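Input: a single structure, listed below in structure tokens.
Rule-based calculations on the coordinates, nothing more; no lab input. Nothing here was measured: the structure is a model prediction, and the numbers come from that model. Note: ideal-geometry Cβ built from the backbone for every residue, glycine included; neighbour counts use all protein chains shown.
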Amino acid sequence: MKKIIVILKYYKNNVENIKKIVNFFFKEIENATINRYFDNEEIVLTNKEEFFYEISKKEYKDAKNEISIEICSNSLEELSIEKNLYILYLSYENYEKNQKKIDSFFDDYAQETKVDCIFLNELKYFRNQRIENIEKLKKKGITISKDKILEVNGEKKIDVRKNAGYITYVKEIPVGVAWKMWLGNNYYNWIPKETLVEFKDCYQNIEIGNNIQKIIMTKTLEEFTNDKTDDIKWNFRKKLNLNSITEKIEEFEKKKEISSDEEIFEAFFVDKKYYEIRYFDKKGRSIEKKYAKFYKVEEYDLVENEKVRRFLGETIGKIENLDIEKLKKGYYRRTEYNDVLKCLKIIKNGERINKFDTEIMLQNIADYEKKEILEKVIRYIKQNKIDNMKFDNGSESTHRDVITFFEKNIEFKGSEK
């Protein structure tokens, strides 16, 4: 099913902005229902009136990134609000049929709510421009030019920075070029408005009011997603010097006075390694550190003069077990085969294991060792004829489930954005 993706970014969340976009979704989308809503704990709601009542309570006004909602329809159209980033998925048929009305809504919405940016794109094109895996693109029948292939430590991947339509997120701020864009307010901290106004190599570039610049790159979506218009996209990237925006955003974020307990993301360097820490609630959703139940650490090697990162793997654990100071001092050890072997011997002896702790241990294996360790695990299970596994919660698994349990957790990839 062909879809449209709309990305909206605000500097701060606002209850009234949320109400406006939710009202739009319920008005335009048939059979829309609130799937989930939460601040610190999930609240089950049956309709938007209940949702509006909840977020209109005094304690939710001007809430700092605590409101989150997911609304779906039978046709898989969706509105998702996480922190101050809104993502809307619409069927292309619906958008094409109501294009003028929907664009008019975003014109008014951008001016009324003082949005930083709205990017409207074709979903498949947006995702394909961000794929680094060569085989994945080949399966889609997409031709890859040699100049886009980057080799790091013997591993070949696509340098997505060489894709004209590539959009990345810097501190959750979308940076790149989309078919239609509404830009204003804080976005002018990174792209001078006068530079934006001067760009003429597009179908439309006008100020619609209240300091919002609306840009339509090509007349039709089909023209925009065609490689033949890559020159126009590259002209936009070069004119606005998009490569420099990353540094500007990072500098801007440093100036914000935010306590570490309010962050949902932290990062630091240790020797030639780079670590990112993200925080989640018990449902696995991004949340501020002070409310978090779990954390995830992503580990990277720095190669090529420390400018390119090679992903090593990730670790998920309970927030009470996170010791950032130890991480910063380099006390970070991944699960090795000997750790897994101890667990296998306990299972072999018929003793019970803690399911959650075992899952965390297996997910903490470095990516480059997963294949080898998994082969050893399966070999050990078969050689020792381990036909069941007992957990301390009283449950048991059959022989087939034992192998599946280890496969699932060792091959664990974590959550994707």
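Is there a pair in Lys139/Lys296; Lys376/Lys408; Lys162/Lys370; Lys2/Lys140 whose C-alpha atoms are over 24 Å apart, and which pairs would that be?
Lys139/Lys296; Lys162/Lys370
What full-extension length gain, to one decimal in nm, is calculated for Lys140 and Lys157 as 0.36 nm per residue of separation minus the Cα-Cα distance?
On the way: separation 17, 0.36 × 17 = 6.12 nm, distance 1.56 nm.
Full extension of this stretch gives 4.6 nm more.
Assuming R0 = 41 Å, what is the FRET efficiency of Ser244 and Asp339, from their Cβ-Cβ distance, to the nearest 0.05?
Calculated value: 0.40.
At 7 Å along Cα-to-Cβ for each site, give me the label-to-label distance between Asp108 and Asp227 in nm.
4.2 nm
Cα-Cα over 20 Å: which of Lys136/Lys238; Lys290/Lys318; Lys101/Lys214?
The pairs that break the limit, which is 20 Å between Cα atoms, are Lys136/Lys238.
In nm, to one decimal, how far is the Asp147 label point from the Gln99 one, both placed 7 Å along Cα→Cβ?
3.1 nm
Among Ile410, Gln383, Ile347, whose Cα lies farthest out toward the positive end of the dipole of segment 337-410, if unit charges sit on the beta carbon of Lys, Arg (+1) and Asp, Glu (-1)?
The residue sitting farthest along the positive end of the dipole is Gln383.
Over 19 Å between Cα atoms: which of Lys124/Lys228; Lys12/Lys293; Lys12/Lys193; Lys348/Lys390; Lys12/Lys171 fall into that group?
Values: Lys124/Lys228 17 Å; Lys12/Lys293 24 Å; Lys12/Lys193 21 Å; Lys348/Lys390 10 Å; Lys12/Lys171 13 Å.
From the list (Lys124/Lys228; Lys12/Lys293; Lys12/Lys193; Lys348/Lys390; Lys12/Lys171), the Cα-Cα distance tops 19 Å for Lys12/Lys293; Lys12/Lys193.
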